[in-house]
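Have a look at the structure below before the remarks.
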Amino acid sequence: MAGSKYAATGTQNVATPADSTLGLTATAAQRLWIYYFCISSQGTPADNAILWTFQRHTAAGTATSVVPIALDPADPASVGIAAENHTVEPTVTAAAELWENAVNQRATLQFFSPPGAEFVMPATAANGAVFQPLHASYAGLVETTAHWTE
């Protein structure tokens, strides 16, 4: 897929209910095609299975802005919006999980979508998707990095 490519990283302490590590939001002018993400834990290694969900949202919530970085420095600034450390969670769409998996805290997981099978965020203001870690008792810091094309 042609287009400019961007990256953003977000962190969050795991909580119950889930708190978002990284939210990616499209705009009315631009769709996002998410083709790569990596999830990991910065906490002291332990045998905790963290349930990760990547789910669509219709309202971005309130969070700290993350400036997307162009992977090619000649590309323009990203139109898409990235955010971390949510104080008001995004409004997730029920039964709209794009990806969900339990990952041991000791593991780092990288996901690469097959060409043409990227996760697509609609060109609708405040719509996008969010990564959420969930564990009943572990409260360590986790991180998500995502790459997308506009």
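The values are calculated or read from the model by the stated rules, or taken from the named source; none is laboratory data. Source: prediction; values computed, not measured. Heads up, the Cβs are rebuilt from the backbone with ideal geometry, glycines too, and the neighbour counts pull from every protein chain shown. For the accessible areas, the whole protein counts, side chains as well, though only heavy atoms, and no ligand, DNA or RNA atoms are used. Shrake-Rupley method; radii C 1.70, N 1.55, O 1.52, S 1.80 Å.
Data for the structure
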read-out: Under-5 Å amide H pairs with A59, H placed in peptide plane, nonlocal only; value: T91
read-out: Accessible surface, per residue, of the chain when the full set of protein chains is kept, probe 1.4 Å, Å²; value: 47 Å²
read-out: Solvent-accessible area, 1.4 Å probe, carbon plus sulfur percent, for the range 1-82; value: 57 percent
read-out: ³J(HN,Hα), Karplus 6.51/-1.76/1.60, whole Hz, each residue of the range 69-80, x for Gly, Pro; value: 9, 6, 5, 9, x, 7, 6, x, 4, 5, 8, x
read-out: Computed accessible area, H86, all protein chains, 1.4 angstrom probe, square angstrom; value: 10 Å²
read-out: Packing-based order for 124-136, 87-99, 43-55, using average beta carbon neighbours within 10 Å, highest first; value: 124-136, 43-55, 87-99
read-out: From phi via Karplus (6.51, -1.76, 1.60), per-residue ³J(HN,Hα) for the range 124-130 in Hz, x at Gly/Pro; value: 9, 3, 6, 8, x, 8, 9
